[in-house]
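*Asks:* Once you've had a glance at the structure underneath, I'll fire off some questions.
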Amino acid sequence: MLIKAPLDSTHIDYLKNIGILSSNEEVTDSFKAGEGNMNVTLTIKTNKRTIVLKQSRPFVAKYPQVPAPLSRIEIEYKYYNIISPDNFLSCFSPKVLAFDKKSWLLVLEHLNNGGDYLSMYQSKSILGENVLDLLLSYLKKLHQLPVYEFPDNMEMRKLNHQHIFVLPFQSDNGFNLDDVQDGLQTLSERVKNHTPLKAKIKGIGDKYLGRGKSLIHGDFYPGSWFETDNGLKIIDTEFSFLGDPEFDLGVMLAHLKMARIPNESIQRVIQTYPLENGLISSYMGVEILRRLFGLAQLPLNLSIVEKEELTNDAINLIMNEEI
Ligand SMILES: Nc1ncnc2c1ncn2[C@@H]1O[C@H](COP(=O)(O)OP(=O)(O)OP(=O)(O)O)[C@@H](O)[C@H]1O
Ligand SMILES: [Mg+2]
């Protein structure tokens, strides 16, 4: 059963049949929960409560021509399950109310008055030092969880690998970056024509596809940080796997840098969570470049000159492995 908003009586009957809604529950409203590309995510209001339904499709919901594994929603479910015995980490998750594997449907607690941190590129002050500390504490605790078995999530990683380590650096990738911002296409040639840089990025991409020692979130960027009435939540865990903790940290630092958070804060993060510095800087540099020149664009508030500086900084991060 494929859901879409507004839910019709077939959807509601199905949800009642499998016990997601109780027999006397009336759906009063249903609509898109928020902006998302990968899945169909709906808020459902009933006469008793508000819940969120998230369903995967065998393709990216926003780009149906791009195949994506259905099992990603089960990865999300398994991630929340595996961290749930940890009292600290579980406070950051929406409660899992149900999972229906037959229709690849995850039911989550609705997070009240929530909003992500994607506006921090426009106004960096929304990410206070207290939130930064929470994000770091979350990562440290997550990466130290004794998890020895978790699905390898390889199909999702391969999809991500293409968009992070391959396509943004291909000359003939079909993205017209001047549609995003005048001059961006020309700027992208600096990385597309940089052979030693591309060789380095290939090696980092291979590392991403290898097995690491920690459970990682896999998409730890401001779109997954969700501020609510009940404090900070970490959502959208479909890219998780046993990988390098440096990947989560490097991605997070890349977004701090793109939001122009001062370098002192970035240095403080590295000092309070010491990992392999060279690997952090490599993942950080690649994440910056792929957000500048790849398909997954962000609402960045940067002139082309600023993007040029950022490109040079990212190249240095990758080539010199120093933050
Ligand atoms: N439990 C929740 N409570 C309230 N709103 C939610 C909840 N889960 C998701 N949302 C809203 O729906 C949006 C999409 O959710 P989510 O990021 O999990 O979906 P996605 O399809 O995996 O997105 P993406 O393409 O970014 O990977 C979120 O940005 C948020 O606004
Ligand atoms: Mg997602």
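*Asks:* Name the one entry in Asp219, Asp229 that is within 19 Å of Gln297 (Cβ to Cβ) and in the same structural domain as Leu142 (by TED's automatic domain parsing).
*Replies:* So the residue among Asp219, Asp229 that is within 19 Å of Gln297 (Cβ to Cβ) and in the same structural domain as Leu142 (by TED's automatic domain parsing) is Asp219.
*Asks:* Where in segment 1-100 are the strands (runs of 3 or more DSSP E), entirely inside, with at least 2 residues that are within 15 Å of ligand 1 (Cβ to nearest atom) and buried (at least 19 other Cβ atoms within 10 Å of the Cβ)? I'd like the intermediate steps shown before the answer.
*Replies:* Values: elements: 27-32, 40-46, 50-55, 63-67, 96-100.
Correct list: 40-46, 50-55.
*Asks:* Could you please tell me which pairs satisfy a Cβ distance under 7 Å, a separation of 6+ or placement on different chains, a first residue in segment 280-301 that is closer than 15 Å to Gln162 by Cα, and a second residue that is of a type in the set (Asp, Glu)?
*Replies:* The qualifying pairs are Tyr283/Glu246.
*Asks:* Also, I was wondering about something else. Could you pull out the residue among Gly223, Gly210 that is among the small types (Gly, Ala, Ser) and away from ligand 2 (no atom under 16 Å from the Cβ)? Show your work before the answer.
*Replies:* On the way: Gly223 fails: away from ligand 2 (no atom under 16 Å from the Cβ).
Step by step, each of Gly223, Gly210 is checked, and only Gly210 is among the small types (Gly, Ala, Ser) and away from ligand 2 (no atom under 16 Å from the Cβ).
*Asks:* Got a sec? Which of Asp219, Asp206 is open to solvent by 40 Å² or more (accessible area, probe 1.4 Å) and out of contact with any strand residue (DSSP E or B) (no Cβ under 6 Å at 6 or more places or on another chain)?
*Replies:* Numbers: Asp219 fails: open to solvent by 40 Å² or more (accessible area, probe 1.4 Å).
When all the criteria are applied, what remains is Asp206.
*Asks:* Got a sec? Which of Glu287, Glu276, Glu246 is among the charged types (D, E, K, R) and within 16 Å of ligand 1 (Cβ to nearest atom)? Even if it seems obvious, please write down each step before you answer.
*Replies:* Numbers: Glu276 fails: within 16 Å of ligand 1 (Cβ to nearest atom); Glu246 fails: within 16 Å of ligand 1 (Cβ to nearest atom).
Only one candidate qualifies: Glu287.
*Asks:* Of Arg290, Arg268, Arg260, which residue is over 23 Å from Leu159 (Cβ atoms) and either modelled with pLDDT under 95 or assigned to a helix (DSSP H, G or I) (or both)? Give the derivation first.
*Replies:* Working: Arg290 fails: over 23 Å from Leu159 (Cβ atoms); Arg260 fails: either modelled with pLDDT under 95 or assigned to a helix (DSSP H, G or I) (or both).
The unique qualifying residue is Arg268.
*Asks:* Please find, among Gly223, Gly218, the residue that is of a type outside the set (Phe, Trp, Tyr) and within 17 Å of Tyr80 (Cα to Cα). So that I can check it myself, show each step before the final result.
*Replies:* Working: Gly223 fails: within 17 Å of Tyr80 (Cα to Cα).
So the residue among Gly223, Gly218 that is of a type outside the set (Phe, Trp, Tyr) and within 17 Å of Tyr80 (Cα to Cα) is Gly218.
*Asks:* Tell me whether segment 238-260 contains one or more residues that are within 16 Å of ligand 2 (Cβ to nearest atom), farther than 17 Å from Lys140 by Cβ and open to solvent by 10 Å² or more (accessible area, probe 1.4 Å).
*Replies:* Yes; the residues of segment 238-260 include at least one that is within 16 Å of ligand 2 (Cβ to nearest atom), farther than 17 Å from Lys140 by Cβ and open to solvent by 10 Å² or more (accessible area, probe 1.4 Å).
*Asks:* Is there any pair linking a residue in segment 303-317 that is within 11 Å of Leu292 (Cβ to Cβ) to one that is modelled with pLDDT of 95 or more and acidic (Asp, Glu), with Cβ under 8 Å and at least six apart or on different chains, and which?
*Replies:* The qualifying pairs are Ile304/Asp182.
*Asks:* Do we find a residue being in the same structural domain as Phe241 (by TED's automatic domain parsing), in a loop (DSSP other than H, G, I, E, B) and on the phi > 0 side of the Ramachandran plot anywhere in segment 133-151? Walk me through how you get there before you give the answer.
*Replies:* To start, the set of residues in segment 133-151 that are in the same structural domain as Phe241 (by TED's automatic domain parsing) comprises 133-151.
If we keep only those that are in a loop (DSSP other than H, G, I, E, B) too, we end up with 145-151.
This time we only want the ones that are on the phi > 0 side of the Ramachandran plot, so: none.
The answer is no; no qualifying residue exists.
*Asks:* Being touching a strand residue (DSSP E or B) at 6+ places or on another chain (Cβ under 7 Å), in a helix (DSSP H, G or I) and open to solvent by 10 Å² or more (accessible area, probe 1.4 Å) is the requirement here; does Gly278 meet it?
*Replies:* Numbers: touching a strand residue (DSSP E or B) at 6+ places or on another chain (Cβ under 7 Å): no; in a helix (DSSP H, G or I): yes; open to solvent by 10 Å² or more (accessible area, probe 1.4 Å): yes.
Against the criterion (touching a strand residue (DSSP E or B) at 6+ places or on another chain (Cβ under 7 Å), in a helix (DSSP H, G or I) and open to solvent by 10 Å² or more (accessible area, probe 1.4 Å)), Gly278 does not qualify.
The values are calculated or read from the model by the stated rules, or taken from the named source; none is laboratory data. Predicted, not measured: the structure shown is a model, and the values here were computed from it. Ideal geometry is used to build each Cβ from the backbone, glycine not excepted, and the neighbour counts take in all protein chains shown. Protein only, heavy atoms only, side chains kept; ligands, DNA and RNA dropped before computing areas. Shrake-Rupley method; radii C 1.70, N 1.55, O 1.52, S 1.80 Å.
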